[in-house]
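**Student:** Dropping the structure in here first, questions after.
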Amino acid sequence: MSISRDKIEQVAWLARIQLEDSEKEALEGKLSDILGMVDQLQAADTDGITPMAHPLDATQRLRPDEVTETNKRERFQAVAPETQDGLYLVPRVVE
Amino acid sequence: MQWETVIGLEVHVQLATQSKIFSGASTAFGAEPNAQASAVDLAMPGMLPVLNEGAVRMAVQFGFAVNADIAHRSVFDRKNYFYADLPKGYQISQMYHPIVGKGEVSVNLSDGSERTIGIEHAHLEEDAGKSLHEDFQGQSGIDLNRAGTPLLEIVSEPDMRSAEEAAAYLRKIHAIVTYLGISDGDMSQGSMRCDCNVSVRPKGQTEFGTRSEIKNVNSFRFVEKAINTEVERQIELIEDGGEVQQETRLYDADRDETRSMRTKEFANDYRYFPDPDLLPVEIDDEYIDRIRDDLPELPDTKQARFITEYGLNADEAAPLVQSQTLADYFEQVARGSGDARQAANWIMGELARLMNQNEVEIQDCPVGASDLATLILRVQDGTISGKLAKQVFEALWNGEGSPDEIIDKQGLKQVSDSSEIEALVDQVLADNQAMVDDYLGEEVAKKQKKKFNALVGQVMKASQGKANPAQVNDILQQKLTSSD
């Protein structure tokens, strides 16, 4: 199965990455190869097999509802590019 | 053409846990920005989520309250999308194996009918952070305190056929979650948020029309208004030869209109897949049974009990059980006064009127239940008339003292001394000879009754409303008959 240029542009938009035309062309080949492998997997007969949610045959342990974290804002924000009044600053995002 | 409206609601309920759904950070409201954002909530590398038992328990409680199937095994998935207040780049949610399966709730409508609304499923997920767009010179400020707060998303079937039904359903969900104590249900603070899926179709058609989704409607009143506005827009559009687009719209309450947010071409592809950081959640019968055994009395059960225990009818009981606080208030007044019907009448009458007028909720009501009970007792034992009781009630609302103090201070005690009333009657008859003659000369019984009542009114007025009306009637009747 091959992937169209439109699809590549849409996926790039969803991931918020900018692609040059040459990159798009390279990705067309690479992603089509990956989809070819997926086609191969899809060919396996999985009728009657329950999809596996996790490779380990184990179940989730639950944590009691207790507050165990303290305020470490200063330490976290020490590595942030920009902060103001306790907020992380990012390029303006308005939907 | 006759149109039919089809509505489904997605209600997000913020669960009242102490800590977040996947981290030990506090969920308390009103902290300094990012003071409650832990390494897990910030998506620091290598951090792993650990599921909060409290959130699981609350979801199961809700499941029982809506007669739903509880999934012994549920799975968390990643919902991928890009936004600055979602540090991981995905929201942990339950797409394919939600914890609460199919259920239903019944709602009472204003015409007295009852409708059953299906619940398709309810699932656990985490909330995102908050973006602030003002005051940062071309940048946005991100507060991640809310990131990771547990949410229960309750998805209804497209079973509602009017805005009124949708609002009644939302009120019912609100009542259930607050009765269970699994959420404070405060819509103004965002503890309960609602997205409305709305479509129209020609009456009689079985296929659904194309729907639009109205996002984040944040009050019961706005749900009704937003739906009605959207329905009007869709019908007008179709009747003008247009087509409804499947899109997300935003309700603007100030202009009472919905606006397009994003259309289908830009619709997100969330690329759901099972979250490898979380194992499937398994809960056993013992755990589930224990939760069921500990359930509190829920709105429907309480309503049925109010009907049998207090002799109310369904129309009287339904509004009283809408909130646990109101129901408790009613029970205190009913027990304190020994007159449940009067208690219900006062609460849904005068009290509701003043609450509406002053935009006060029952938990902030200035009239204590015991004071209202005393007031009802004072009417019963004849201390004051029913009419003046309203005056006392307003004084109670304004914090002017206890019922007895108010009755005393304002001199509202009912006059039941027959000689005093007789004197009043004599005075009125002497002062209103024309009315008396008019009454005596009247042949038609119905008209005569009206003229009699006018005289009763004169006596009541002369007594400043304090005369016992039954006695006034008797004495006036006697006097008029003897002068006949």
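The values are calculated or read from the model by the stated rules, or taken from the named source; none is laboratory data. A quick note: this is a predicted structure, and the numbers were derived from the prediction, not measured. As a convention, Cβ positions derive from the backbone with ideal geometry for all residues, glycine included, and neighbour counts pool all protein chains shown.
**Student:** Where the second residue is part of a loop (DSSP other than H, G, I, E, B) and among the small types (Gly, Ala, Ser) and the first is assigned by TED's automatic domain parsing to the domain that holds B:GLU359 and at positive phi and lies in region B:373-402, which pairs have Cβ atoms under 7 Å and are six or more apart or on separate chains?
**Tutor:** Taking only residues 6 or more apart or on different chains, the pairs are B:GLY382/B:SER416.
**Student:** Next up: Are there any strands (runs of 3 or more DSSP E) wholly within region B:57-131 with 2 or more residues that are buried (at least 18 other Cβ atoms within 10 Å of the Cβ) and of a type in the set (Asp, Glu), and if so which?
**Tutor:** B:114-126
**Student:** Just to verify a result, which residue in region A:64-88, among those that are in a strand (DSSP E or B) and out of contact with any Gly (no Cβ under 6 Å at 6 or more places or on another chain), is nearest to the other protein chains (Cβ to nearest Cβ)?
**Tutor:** Here the residue is A:TYR88.
**Student:** Return the total of residues in region B:1-44 being under 27 Å from B:ASP277 (Cβ atoms), without any contact (Cβ under 8 Å) to a residue 60 or more places away in the chain and surrounded by fewer than 24 Cβ atoms within 10 Å (Cβ to Cβ).
**Tutor:** So the count comes out to 7.
**Student:** Would you mind finding the one in A:SER22, A:SER32, A:SER2 that is more than 11 Å from every other protein chain (Cβ to nearest Cβ), touching an Asp or Glu at 6+ places or on another chain (Cβ under 9 Å) and either not aliphatic (A, V, I, L, M) or not in a loop (DSSP other than H, G, I, E, B) (or both)? Talk me through it step by step, then tell me what you get.
**Tutor:** Numbers: A:SER22 fails: touching an Asp or Glu at 6+ places or on another chain (Cβ under 9 Å); A:SER32 fails: touching an Asp or Glu at 6+ places or on another chain (Cβ under 9 Å).
The conditions single out A:SER2.
**Student:** Sticking with this structure for a sec: Can you tell which of B:ARG259, B:ARG249 is under 30 Å from B:TYR90 (Cβ atoms) and exposed (fewer than 14 other Cβ atoms within 10 Å of the Cβ)?
**Tutor:** Checking each option against the conditions leaves just B:ARG259.
**Student:** Another question, then. Filter region A:35-62 down to residues that are among the β-branched types (Val, Ile, Thr), within 30 Å of B:HIS72 (Cβ to Cβ), out of contact with any Asp or Glu (no Cβ under 8 Å at 6 or more places or on another chain) and within 14 Å of another protein chain (Cβ to nearest Cβ), then give me how many there are.
**Tutor:** 1
**Student:** List the residue pairs whose Cβ atoms are under 6 Å apart, where the first residue sits in region B:463-479 and is among the basic types (Lys, Arg), the second is part of a loop (DSSP other than H, G, I, E, B), and the two are 6 or more positions apart or on different chains.
**Tutor:** So the pair list comes out as B:LYS466/B:GLN414.
**Student:** Still on this structure: Across region B:342-369, which residue is modelled with the lowest pLDDT among those that are among the polar types (S, T, N, Q) and loosely packed, with under 14 Cβ neighbours inside 10 Å?
**Tutor:** Of everything passing the filter in region B:342-369, B:GLN363 is modelled with the lowest pLDDT.
**Student:** Can you pull out the residues in region B:370-419 that are among the charged types (D, E, K, R), over 20 Å from B:GLY336 (Cα atoms) and surrounded by fewer than 15 Cβ atoms within 10 Å (Cβ to Cβ)?
**Tutor:** B:LYS387, B:GLU400, B:ASP408, B:LYS409, B:ASP417 - these are the residues of region B:370-419 that are among the charged types (D, E, K, R), over 20 Å from B:GLY336 (Cα atoms) and surrounded by fewer than 15 Cβ atoms within 10 Å (Cβ to Cβ).
**Student:** Would region B:361-374 turn up any residue that is farther than 27 Å from B:GLN464 by Cα and charged (D, E, K, R)?
**Tutor:** Yes, region B:361-374 has at least one match.
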